[in-house]
Amino acid sequence: MRFNNSLRCSPATWIRGMYLTIASLFISLSLCITAQAQEKPEVKYAQVGDVKLAYYLKGKGDPMILIMGYAATMSAWDPALLEELAKNNQLIIFDNRGAGLSTDTKENNTTIPQMADDAAGLVKALGFKKVNVFSWSMGARIGQQLVIRHPDLVSKAILCAPNPGGKYQIAISKKVGEELNNPSLSPMENFELLFPITPEGKAAAKVVYERFMAAKAAGAIPDDFIVSKETQERQVRARITLWNADNQNYKDLKNIKVPVLVADGREDIIDNPKNSVVIADQIPFAWLAFYEGGHAFLFQSYKKLSETVNIFLQKD
């Protein structure tokens, strides 16, 4: 994969380059493993406005919609995390518009608020009155907007590695951006940047990737790893260009009435953990928790996070 010269690239290019490499890692996983399908997830489609959203359900309990991040599909959730969450929740796992198996419109309508409306539309299409929300990275930006725009549909929300947007966010540093855009890194080395840059973080990345490989081989996750270049470009515009100019999201956080858990990795170099503090301070009575790990802390510390989520959801 080619990268732009790091001295001339923009923050959008830094993040896009890293995630495209991560996407290629998952695509290679799809191509290299001979799947011995056992109890494959049943992927279905729901018409939501002018798009069809691909989804599947997993687990039993109160409904919980999972909102994925940039340039990723419903197959990019850590299988171990899904197993933990599915013990007490019926998970609604889906592809954002244009990603994976979901369709998109010819016109570019992709914005963070629009994707929040899509998620709300899926909840309604499936006949749920209220759901809990579990969201990560760009998905946590969508999750914020879902709670703000559709409060009557949300019981509680979990925002993992969120960003408040506009002038209120702590942006990625130039040094980190250059490292993310290092052309000498292999796909696996780039994947490791989602984890702490330590021997322990590198080992954790290997363990998580092996879980993906095992799940793919067993048919436990959909064969759904590809996000088109057009969708990636639309998401870049939504999550960077438009989001950086949006100061209203932060201002609206103070009006949230539903319980919210804000969670992050202590060593997240992609969305600075201070962003989680900014958001938790703005949302009335929000919970704030930090875990061992980087941007993918929810994979590295999936057991501890799941325990916190269970306590949070059970709390009156």
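Things to note:
- Taken over segment 246-266, residues that are surrounded by 20 or more Cβ atoms within 10 Å (Cβ to Cβ) and of a type in the set (D, E, K, R) amount to 2.
- Residue within segment 9-17 that is more than 20 Å from the chain's Cα centre (by Cα), surrounded by fewer than 17 Cβ atoms within 10 Å (Cβ to Cβ) and at pLDDT below 95 present: yes
- Filtering segment 60-86 to residues that are among the hydroxyl-bearing types (Ser, Thr, Tyr), out of contact with any strand residue (DSSP E or B) (no Cβ under 6 Å at 6 or more places or on another chain) and assigned to a loop (DSSP other than H, G, I, E, B) leaves only TYR70.
- Residue within segment 201-216 that is within 19 Å of GLY100 (Cα to Cα), in contact (Cβ under 8 Å) with a residue 40 or more places away in the chain and of a type in the set (Gly, Ala, Ser) present: yes
- Verdict on LEU57 being buried (at least 23 other Cβ atoms within 10 Å of the Cβ), at pLDDT 95 or above and either among the hydrophobic types (A, V, I, L, M, F, W, C) or outside any loop (DSSP other than H, G, I, E, B) (or both): no
- Among the residues of segment 233-281, those identified as under 17 Å from ALA71 (Cβ atoms), out of contact with any Lys or Arg (no Cβ under 8 Å at 6 or more places or on another chain) and charged (D, E, K, R) are GLU233, ARG234, ARG237, ASP271.
- VAL133 satisfies every condition listed in (1) part of a helix (DSSP H, G or I); (2) more than 24 Å from ILE269 (Cβ to Cβ); (3) within 15 Å of the chain's Cα centre (by Cα) except (1).
- Candidates are the residues of segment 73-93 that are touching a Ser or Thr at 6+ places or on another chain (Cβ under 8 Å) and not charged (D, E, K, R); the one that is farthest from THR308 (Cα to Cα) is LEU81.
- Of the residues LYS124, LYS156, LYS129, the single one that is under 15 Å from VAL260 (Cα atoms) and surrounded by fewer than 24 Cβ atoms within 10 Å (Cβ to Cβ) is LYS156.
- Wholly within segment 168-284, helices (runs of 4 or more DSSP H) carrying at least 1 residues that are aromatic (Phe, Trp, Tyr), in contact with an Asp or Glu (Cβ under 8 Å, 6 or more places away or on another chain) and farther than 25 Å from GLN114 by Cβ: 199-218
- Of all residues making up segment 98-109, the number that are in contact (Cβ under 8 Å) with a residue 60 or more places away in the chain, on the phi < 0 side of the Ramachandran plot and surrounded by fewer than 24 Cβ atoms within 10 Å (Cβ to Cβ): 3
The values are calculated or read from the model by the stated rules, or taken from the named source; none is laboratory data. Values in this document were obtained by computation on a predicted structure and should not be read as measured data. Methodologically, a virtual Cβ is constructed for each residue, glycine included, from the backbone with ideal geometry; neighbour enumeration extends over all protein chains shown.
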